Amino acid sequence: MSTGFLLAAATLALAALLPLAPALVGSGRTPRAWRTAAALGLAVPVAAALLYARLGRPDALDAAPPDPVQQMVQRLADRLQRTPDDAAGWTLLARAYEQLGRPQDALPAYEQLERLAPADPQPLSQHAVTLALVRGQGLDGEPQALLQRALKLDPRHVPTLALLGSAAVERGDTAGALHYWRRLLAEVPADSSVAASVRDSIAKAEAR
């Protein structure tokens, strides 16, 4: 197994711990900027690597043309129809669809993950981001409802707090944004870049 493959897998594992928070906590972002940040956060370039690990040859990653990747995504989707309780498979399929620029196809995968892991806030927060990207209308409506469900499951879930802060900014609710940012600040390391960004956003909001 190549070093590049191991690094890619490690990158995805780290990304799952704190998706989108640094991009989403900045103040004054427009909905378009938010959607761009979300897309960058979700498009972790490792979906092909993980697909090869499960369905193909990891040592062939660098040489893989696009068409075989699409074929393997379809193979995974077909297999999950036969084994619908494979949570890891649905997670991989959702990430693969997003990486391939098909976020609308990832939505059913997140619904399956919510069925399989009803106490986990992470699929709900990721579902909210993907749904907002597909609709192109920010986090208002159903995406925010998904985030509120995630928050009830874990009031300290960092990605959910970051996203709810962004939702408040989108609707011009400075008090709401400050509420979520302060909660977020209590959950991240004080010397982290996320904490620095949150503190900056709080200071600017309070100054206004």
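For the reader, a short list of remarks on this structure follows.
- A protection proxy built from the mean count of other Cβ atoms within 10 Å ranks the segments 159-169, 78-88, most packed first, as 159-169, 78-88.
- Potential extension, Asp191-Gln71 segment - 0.36 nm per residue separation minus Cα distance: 38.8 nm
- Neighbours of Arg199 by Cβ distance under 15 Å: Lys/Arg scored +1, Asp/Glu scored -1, total -1.
- Residues Arg156, Arg183 arranged by fewest to most Cβ contacts within 10 Å: Arg156, Arg183
Bear in mind that the values in this text are calculations on the coordinates, not laboratory data. Note that this is a predicted model, so its numbers are computed, not measured. So basically every Cβ, Gly included, is an ideal-geometry build from the backbone, and we count neighbours across all protein chains shown.
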